[in-house]
1. Looking only at the stretch B:186-198, which residues are part of a helix (DSSP H, G or I) and surrounded by fewer than 23 Cβ atoms within 10 Å (Cβ to Cβ)?
2. Can you say whether B:K136 is out of contact with any strand residue (DSSP E or B) (no Cβ under 6 Å at 6 or more places or on another chain), facing chain A (nearest Cβ under 7 Å), surrounded by fewer than 21 Cβ atoms within 10 Å (Cβ to Cβ) and among the charged types (D, E, K, R), as far as the supplied structure shows?
3. Of the residues A:A19, A:A8, which is near DNA strand C (Cβ under 9 Å from one of its atoms), among the small types (G, A, S) and at pLDDT below 95?
4. Hey, can you tell me all the residues within the stretch B:156-185 that are facing another protein chain (nearest Cβ under 8 Å), part of a helix (DSSP H, G or I) and open to solvent by 20 Å² or more (accessible area, probe 1.4 Å)?
5. Restricting to the stretch B:53-82, and then to whatever is without any contact (Cβ under 8 Å) to a residue 24 or more places away in the chain and within 10 Å of DNA strand D (Cβ to nearest atom), can you tell me which residue is surrounded by the fewest Cβ atoms within 10 Å (Cβ to Cβ)?
6. Against the condition touching a Pro at 6+ places or on another chain (Cβ under 8 Å), open to solvent by 80 Å² or more (accessible area, probe 1.4 Å), assigned to a helix (DSSP H, G or I) and more than 9 Å from chain B (Cβ to nearest Cβ), how does A:R148 come out, does it pass?
7. Select from the stretch B:23-52 the residues that are within 22 Å of B:Y110 (Cβ to Cβ) and within 11 Å of DNA strand D (Cβ to nearest atom) and write down the one among them that is most open to solvent (accessible area, probe 1.4 Å).
8. Yes or no: the stretch B:98-120 includes at least one residue that is surrounded by fewer than 17 Cβ atoms within 10 Å (Cβ to Cβ), over 11 Å from the mean Cα position of the chain (by Cα) and within 14 Å of chain A (Cβ to nearest Cβ).
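The values are calculated or read from the model by the stated rules, or taken from the named source; none is laboratory data. Because the structure is a prediction, the values reported are computed rather than measured. Glycine gets a Cβ as well: all are built from the backbone with ideal geometry, and neighbour counts include every protein chain shown. Surface areas here come from the heavy atoms of the whole protein model, side chains and all, with no ligands, DNA or RNA. Shrake-Rupley method; radii C 1.70, N 1.55, O 1.52, S 1.80 Å.
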There are 2 protein chains.
Amino acid sequence: MAVAVPRAAKTQRRTRIQAEREELILGAALEVFAAHGFRGATIDQIAEQAGMSKPNLLYYFPNKEIMHRMLIDRLLETWLEPLRKLDPEGEPLTEIRSYIRRKLEMARDYPRESRLFANEILQGAPRIADELEDLKKLVDEKAKVIGRWIERGKLARVDPYHMIFSIWATTQHYADFDVQVCTVLGPKRSGEGRFEDAARYLDQLFVGGLNPKA
Amino acid sequence: MAVAVPRAAKTQRRTRIQAEREELILGAALEVFAAHGFRGATIDQIAEQAGMSKPNLLYYFPNKEIMHRMLIDRLLETWLEPLRKLDPEGEPLTEIRSYIRRKLEMARDYPRESRLFANEILQGAPRIADELEDLKKLVDEKAKVIGRWIERGKLARVDPYHMIFSIWATTQHYADFDVQVCTVLGPKRSGEGRFEDAARYLDQLFVGGLNPKA
DNA sequence: TGAAAAATTGACCGGTTGGTAAAGATTACA
DNA sequence: TGTAATCTTTACCAACCGGTCAATTTTTCA
């Protein structure tokens with residue numbers, strides 16, 4: 001009789017338990033979505049990971065899509081922060097280098113978020129077409145900045161878009177393809193030090209490749 | 001009564017229809033697995049893509065795993081060919097540049113294979129642990145070659161393993177993240193010319209980054 | 001403390017999925 | 001041509017999956 005949908009209660013403020021449980025669930029969902037993709041993840045798995053029953057989980061999030069959507073939204077917010085921080089007034093090569101460093105740190109510290117995103121893009125981004133348009137706007141803006149740097153002779157004459165792609169690709173690779181990276185590096189080199197090696201290498205690669213001397 | 005399992009018939013050679021149908025099915029399976037991942041793909045989808053009924057498909061491949069396994073095996077065979085071709089006797093920078101070009105061509109011509117592999121790695125490579133070990137051996141071998149080139153002053157002093165990772169990442173990015181690449185480039189630049197632009201950029205990046213002058 | 005609100009659970013439901021059984025249609029070939 | 005092997009289809013099943021319901025337990029707070 002009584003419609004008991006506290007999650008959707010419009011004007012009602014959230015309980016302490018609500019806030020805690022929602023965080024717990026989102027963490028579990030991130031783990032499972034990142035590991036199996038949207039279709040491959042089951043609500044039961046997420047519930048078990050969160051240590052609760054399926055109906056209990058569904059009491060907080062009415063369905064799978066909403067959990068996924070919330071994770072994607074939250075992800076994009078923090079994920080694009082390094083690119084937003086690219087400072088048009090800064091020293092070009094320094095800006096690019098710290099962008100690369102920050103992106104690599106994110107791959108190290110938030111691999112699940114990276115894989116969540118990769119899963120979604122890989123399967124054609126069916127649920128985030130709008131967000132990709134926003135991403136395009138940000139990239140357009142930053143590509144212009146990079147273009148101006150090039151005009152001023154501060155960087156080699158490269159395509160700014162493909163430059164950004166190559167930064168994304170090389171840094172996120174260490175999160176998305178972690179299993180492959182660790183297997184290939186072998187047990188001795190696949191400790192956390194691999195990120196320092198990667199940072200050193202990428203710095204060499206991009207400094208060499210983007211220096212305007214050529 | 002009679003066990004009718006012609007696919008598994010040991011010593012019997014394959015029918016013409018068998019060969020045709022198996023190829024048809026594997027093509028359909030590649031399409032669906034690449035788009036949805038192993039778990040996300042359904043036998044019904046694959047059967048429909050192949051234009052036949054599900055039981056008919058299962059007459060040729062007894063289950064989903066076997067189709068997937070066969071695709072992965074076939075994929076790795078051709079996928080690693082460019083790396084195998086890296087010639088220890090060739091001119092180092094030229095060898096690397098053609099390796100990059102070949103990998104980029106594969107991303108352009110076989111994007112489904114790339115996505116199939118990416119899906120598998122992304123989800124922890126549960127079904128191809130053995131194959132990854134073989135991959136490691138090949139990379140170990142080629143890393144030594146690259147190491148010798150560096151010792152001889154033919155390449156900048158970079159980590160060969162991370163160098164290979166960066167080549168994989170930047171080239172496969174154009175297959176795996178195609179949706180994102182096309183959205184960001186916009187309708188005008190996302191034609192097939194994007195691969196030529198990518199080739200030009202990657203050539204600049206790696207030639208600059210790997211030149212031994214520094 | 002007590003009662004209302006919030007949180008949790010077990011039982012259940014309709015649809016999907018991987019896979020099977022068995023009978024019918026087609027093809028190869030002696 | 002006849003028939004045995006191969007191929008295809010219809011009907012089906014058990015397990016799983018997303019989600020609901022109603023009842024129970026726990027928490028909040030007047």
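1. Within the stretch B:186-198, B:G186, B:P187, B:K188, B:R189, B:G193, B:R194, B:F195, B:E196, B:D197 qualify.
2. yes
3. Just a single option satisfies the conditions, and that option is A:A19.
4. Within the stretch B:156-185, B:Y161, B:V179, B:T183 qualify.
5. Checking each candidate, the answer is B:P55.
6. yes
7. Among residues in the stretch B:23-52 that are within 22 Å of B:Y110 (Cβ to Cβ) and within 11 Å of DNA strand D (Cβ to nearest atom), the one most open to solvent (accessible area, probe 1.4 Å) is B:L24.
8. There is no residue in the stretch B:98-120 that is surrounded by fewer than 17 Cβ atoms within 10 Å (Cβ to Cβ), over 11 Å from the mean Cα position of the chain (by Cα) and within 14 Å of chain A (Cβ to nearest Cβ).
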